[in-house]
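For reference, the structure is listed below as structure tokens.
The values are calculated or read from the model by the stated rules, or taken from the named source; none is laboratory data. Keep in mind that this is a model prediction, so the values were computed, not measured. Because the Cβ atoms are built from the backbone with ideal geometry, glycine has one as well, and the counts that use them run over all protein chains shown.
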Amino acid sequence: MKKILSLLSGLASIAIIYSGCAKEPLNNLNSDESRIYITDHDSTVSFSNYKTYSISDSVAIIDNGNSTMRLNEVDSAYINAVKKYMSQEGYTLVTKEQNPDLGVNVSHIISTTTGVISYGDYWNYYDGYWNPYYWGYPGYGYYIPYGYGVYQIKEGAIAVDILDLKNVSANNKINVIWTGLIRGSGIFDTSIADSQVKALFDQSTYLKTN
Amino acid sequence: MKKIKIIVIAISFLSFISLPASAQNGTLKLDLNYNYSIPVSGFKTDLISNTSPRGFRGGIMYAFSNKLEAGLSFGYQDYYQKYPRSIYALSKTQDVSAVLSNSIQTTTFLLKARYFPLNINTVKPYISVGAGTNLVDFKQYLGEFGSSQTSVQFLAQGGIGIMIPIGRLKTSGINVGAIYDYTPYKKLGYNNLNNVNLQAGIAFQLK
């Protein structure tokens, strides 16, 4: 009996160690470390061929496939940050009536119906969020020439998309030539908008006028 | 690779088969050891270089003679490493900037034989071999976004150590040893989860 009790206590100790000793990776991340910045681009274009851009004056709030346009403090902070870093890379801000070479859309994605964001899914509805009419090209469709991975989504994302408006007529479509995606904890915060957008531009060294 | 597996498994089973003829003791022992694991080879260079103080090894061993015992060994180890933020290419055009975390838990079950070459009562050095399975739970996180993959891998093991008998009847003992785990892991571009382990614990007689 004594030996059986010893055996059981030994096995119980093992069970306690087993359940308690694993290090949980998510508990070892702070907010900054939780964030990821994903960028993709059309490798066939030269970004130095574009000089001017215009940016949307509000943000598309995309929630389970539905969208509304909004402009609050956080949205403004992200739009202003994009303007700042586009300017730093040499692009000149113009109004959309001045035939910009590039159009920039900022979207706030809350979630999708599937709980998974893939750019494929995201782009299936893109002209619903961003009517081509906004950029002065009614009747044209958006096209993204590069593929995307699939990422699980928990807390939403900020997407910044750059469109090729210079060659819409020649291409017969609005090509998306660069996309940046910010994901992770606490990203919908005015105070960190600048650093989040900076991260996207920092890892896109090809995104400049010269 | 296949040859090594066959040889190790063969040695383990031959250990069992050849024992009864010389069996004298017939005791059953339970081993419980704290295990400190050190990744080596591709495990260290590709996945996790941090050593792991979070693990244990145990086993139920049957003594066929004063020199030979064999039985079932089991263990658990948790490995973890967080790498500073860096930019990783996901494709030719796609990049991700992230803090990368690798988390691996291994649960091992193997047949094991232990041989005591010297008949000394105070300190008994031994060598051991074993083969079995390694249940590998591999989780990788980019920031807070993770993916996981669980698989069963082959495991071969070799070790050395000493057993120090204690107690009035010398039926219990203190174990100190080192073992090498060989685990191929041909997944996601990785090669192996080989590791060296330092362990210390106790062994006591069950019957």
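Comparison of B:Phe138, B:Phe154, B:Phe204 shows that the only residue that is touching a residue at least 40 places away in the same chain (Cβ under 8 Å), of a type outside the set (S, T, N, Q), within 22 Å of A:Glu24 (Cα to Cα) and in a strand (DSSP E or B) is B:Phe138.
Report yes if B:Ala98 is of a type in the set (A, V, I, L, M), away from chain A (no Cβ under 14 Å) and in a strand (DSSP E or B), otherwise no. Answer is no for this residue. Under the condition of being more than 10 Å from chain A (Cβ to nearest Cβ) and over 17 Å from the mean Cα position of the chain (by Cα), the residues counted in segment B:50-85 number 9. Picking from residues in segment A:174-206 that are of a type in the set (Asp, Glu) and in a helix (DSSP H, G or I), the one that is surrounded by the most Cβ atoms within 10 Å (Cβ to Cβ) is A:Asp194. Inclusion of B:Gly177 among residues that are more than 13 Å from the chain's Cα centre (by Cα), of a type in the set (Gly, Ala, Ser) and over 20 Å from B:Ser41 (Cβ atoms) is not warranted. Restricting the first member to segment A:81-99 and to residues that are surrounded by 12 or more Cβ atoms within 10 Å (Cβ to Cβ), and the second to residues that are among the aromatic types (Phe, Trp, Tyr), the beta-carbon pairs closer than 6 Å and six or more apart or on different chains are A:Tyr85/A:Phe201; A:Met86/A:Tyr53; A:Tyr91/A:Tyr53.
Matching residues to (1) within 14 Å of chain A (Cβ to nearest Cβ); (2) of a type outside the set (A, V, I, L, M, F, W, C); (3) in contact with a Phe, Trp or Tyr (Cβ under 8 Å, 6 or more places away or on another chain); (4) surrounded by 19 or more Cβ atoms within 10 Å (Cβ to Cβ):
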residue: B:Gly146; (1), (2), (3), (4): yes, yes, no, no
residue: B:Gln153; (1), (2), (3), (4): no, yes, yes, no
residue: B:Met163; (1), (2), (3), (4): no, no, yes, yes
residue: B:Lys170; (1), (2), (3), (4): no, yes, no, no
residue: B:Pro184; (1), (2), (3), (4): no, yes, yes, yes
residue: B:Lys187; (1), (2), (3), (4): no, yes, yes, no
residue: B:Leu193; (1), (2), (3), (4): no, no, yes, yes
residue: B:Val196; (1), (2), (3), (4): no, no, yes, no
residue: B:Lys207; (1), (2), (3), (4): yes, yes, no, no
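Somewhere in segment B:86-93, is a residue over 30 Å from A:Gln203 (Cβ atoms) and either surrounded by fewer than 19 Cβ atoms within 10 Å (Cβ to Cβ) or at pLDDT below 95 (or both)? Checking segment B:86-93: not a single residue is over 30 Å from A:Gln203 (Cβ atoms) and either surrounded by fewer than 19 Cβ atoms within 10 Å (Cβ to Cβ) or at pLDDT below 95 (or both).
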